[in-house]
Amino acid sequence: MHIPLIDISPLYQETETANKFSVAQAIDKACQESGFFYVTGHPISQQRIIEMRQLAEQFFSLPAEQKQKISIKFSNNHRGYGETAAEQLDPNQPTDWKESFDMGLNLAPDHALVGKDRPLYGPNQYPESIADFQEKMERHYWDMLALGKKILSAIALALDIDETFFDDKFDHPLSVLRFLHYPPRVKQENNAQPIGAGAHTDYGCITILWQDELGGLQVQDVNGQWVDAPPIADSFVINIGNMMARWSNDRYKSTPHRVYSPSGKERYSMPFFVEPDFDTNISCLPNCKPENEEPKYQPISAGDWMIYCFNATYAYRNDAEKS
């Protein structure tokens with residue numbers, strides 16, 4: 001499997017239309033063939049990445065009781081700290097060996113969008129003991145969302161629809177910024193690398209991933225073999241999620257991937273999940289089906305799709321549903 005490296009800087013050059021289309025075509029090809037690609041030429045500085053990694057290290061080094069004060073179990077909208085083994089992305093494997101912190105659009109409990117009809121909206125939970133934590137997280141959140149929308153503008157160009165097609169679908173996004181920490185583990189008896197995150201496809205639209213220098217991300221090729229997706233300096237890994245596969249009528253591929261934990265070392269990553277507004281209608285995008293055929297999938301709201309996916313993955317949500 002080839003995972004292409006695409007320089008997206010032409011997307012930021014308003015006058016170079018031909019170069020924009022060249023980038024759009026490269027992204028379109030990658031989304032159809034592997035569902036994965038790297039991007040360079042983005043505006044997220046290396047200094048910002050260093051700052052955010054340091055923030056993640058600060059957070060995960062807090063005493064367990066401080067992290068548990070903002071446990072995701074206390075959140076109605078899936079925000080806060082997730083302890084090690086809280087997730088099981090591959091139902092055929094043990095629970096994932098990682099801990100997490102999730103944040104998203106920070107809405108007050110009395111905001112008009114917050115309520116039982118849209119349960120993924122609401123407030124974030126932040127640690128009180130780290131100075132400027134909220135400010136830094138929310139600044140990075142909006143900068144990553146802007147990057148995601150720029151990549152989506154290239155997808156719109158590739159589909160021969162208006163470049164701004166996706167813009168108004170992110171007024172109140174469900175997008176999530178995560179910190180992930182994979183604690184050190186020893187190799188298994190069969191000498192295989194221990195799995196940090198089980199094989200899965202992402203739920204949403206597109207994912208923008210920063211991974212540290214240790215790597216560990218692996219992508220499944222068409223033959224079922226696992227191919228390394230190593231870190232590349234100043235780049236992000238982009239992949240298509242199930243929502244976009246559905247939205248594009250399977251023009252674009254949501255590809256299984258997993259993370260192994262390098263032996264004896266701890267690993268950090270920061271995925272940003274680009275998700276539209278809760279009420280966004282996920283139905284076949286223009287030019288994604290033959291004119292005389294029906295779409296493969298029935299329309300569904302972005303929020304209802306995400307709730308379905310969350311409930312299939314997180315034990316604490318299943319327990320809550322039962323009670």
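Quick check, is residue 29 in contact with a Phe, Trp or Tyr (Cβ under 7 Å, 6 or more places away or on another chain) and either of a type in the set (D, E, K, R) or loosely packed, with under 14 Cβ neighbours inside 10 Å (or both)?
It is false that residue 29 is in contact with a Phe, Trp or Tyr (Cβ under 7 Å, 6 or more places away or on another chain) and either of a type in the set (D, E, K, R) or loosely packed, with under 14 Cβ neighbours inside 10 Å (or both).
Considering only residues that are outside any loop (DSSP other than H, G, I, E, B) and not hydrophobic (A, V, I, L, M, F, W, C), which ones fall in the range 227-266?
228, 239, 242, 246, 257, 258, 260, 263
Considering only the range 81-97, I want to know if a residue exists there that is in contact with a Pro (Cβ under 8 Å, 6 or more places away or on another chain), touching a residue at least 40 places away in the same chain (Cβ under 8 Å) and among the acidic types (Asp, Glu).
no
If I ask for residues that are of a type in the set (Ser, Thr, Tyr), closer than 16 Å to residue 208 by Cα and either touching a strand residue (DSSP E or B) at 6+ places or on another chain (Cβ under 6 Å) or in contact (Cβ under 8 Å) with a residue 12 or more places away in the chain (or both), which ones from the range 11-57 would you list?
Of everything in the range 11-57, those that are of a type in the set (Ser, Thr, Tyr), closer than 16 Å to residue 208 by Cα and either touching a strand residue (DSSP E or B) at 6+ places or on another chain (Cβ under 6 Å) or in contact (Cβ under 8 Å) with a residue 12 or more places away in the chain (or both) turn out to be 34, 38, 40.
Is one or more of the residues making up the range 218-226 in a loop (DSSP other than H, G, I, E, B), surrounded by 17 or more Cβ atoms within 10 Å (Cβ to Cβ), touching a residue at least 24 places away in the same chain (Cβ under 8 Å) and not charged (D, E, K, R)?
No: the range 218-226 contains no residue that is in a loop (DSSP other than H, G, I, E, B), surrounded by 17 or more Cβ atoms within 10 Å (Cβ to Cβ), touching a residue at least 24 places away in the same chain (Cβ under 8 Å) and not charged (D, E, K, R).
Residues of the range 282-307 being touching a residue at least 40 places away in the same chain (Cβ under 8 Å) and assigned to a loop (DSSP other than H, G, I, E, B), which ones?
Of everything in the range 282-307, those that are touching a residue at least 40 places away in the same chain (Cβ under 8 Å) and assigned to a loop (DSSP other than H, G, I, E, B) turn out to be 285, 286, 287, 288, 289, 295, 296, 297.
Condition first: part of a loop (DSSP other than H, G, I, E, B), touching a Lys or Arg at 6+ places or on another chain (Cβ under 8 Å) and not hydrophobic (A, V, I, L, M, F, W, C). Can you find one or more residues in the range 6-14 that meet it?
Yes.
Report, by residue number, each residue of the range 148-178 that is surrounded by fewer than 21 Cβ atoms within 10 Å (Cβ to Cβ) and assigned to a loop (DSSP other than H, G, I, E, B).
159, 160, 161, 162, 163, 164, 165, 171, 172, listed by residue number.
Go through the range 201-214 and count every residue that is farther than 10 Å from residue 241 by Cα and touching a Leu at 6+ places or on another chain (Cβ under 8 Å).
3
Take the residues in the range 105-126 that are in contact (Cβ under 8 Å) with a residue 12 or more places away in the chain and under 18 Å from residue 311 (Cα atoms), then tell me which one is surrounded by the fewest Cβ atoms within 10 Å (Cβ to Cβ).
So the residue we want is 119.
Look at residue 73 and say whether it is modelled with pLDDT of 95 or more and either among the hydroxyl-bearing types (Ser, Thr, Tyr) or surrounded by fewer than 20 Cβ atoms within 10 Å (Cβ to Cβ) (or both).
Criteria not met by residue 73.
Somewhere in the range 229-251, is a residue touching a residue at least 24 places away in the same chain (Cβ under 8 Å), over 22 Å from residue 157 (Cβ atoms), crowded, with 17+ Cβ neighbours inside 10 Å and not polar (S, T, N, Q)?
Yes, the range 229-251 contains at least one residue that is touching a residue at least 24 places away in the same chain (Cβ under 8 Å), over 22 Å from residue 157 (Cβ atoms), crowded, with 17+ Cβ neighbours inside 10 Å and not polar (S, T, N, Q).
Quick check on my filter: what residues within the range 5-19 are surrounded by 14 or more Cβ atoms within 10 Å (Cβ to Cβ) and at pLDDT below 95?
16, 19, listed by residue number.
Among the listed residues 83, 87, identify the single one that is closer than 26 Å to residue 173 by Cα, modelled with pLDDT under 95 and crowded, with 20+ Cβ neighbours inside 10 Å.
87
Could you please give the count of residues in the range 69-118 that are assigned to a loop (DSSP other than H, G, I, E, B) and acidic (Asp, Glu)?
5
Please state which one of 22, 100, 75 is under 28 Å from residue 149 (Cα atoms), small (Gly, Ala, Ser) and in contact with a His (Cβ under 9 Å, 6 or more places away or on another chain).
Matching residue, one of 22, 100, 75: 100.
The values are calculated or read from the model by the stated rules, or taken from the named source; none is laboratory data. Just so you know, these numbers come straight off a predicted model, no measurement behind them. Counting neighbours? That spans all protein chains shown, and the Cβs are built from the backbone with ideal geometry, glycine included.
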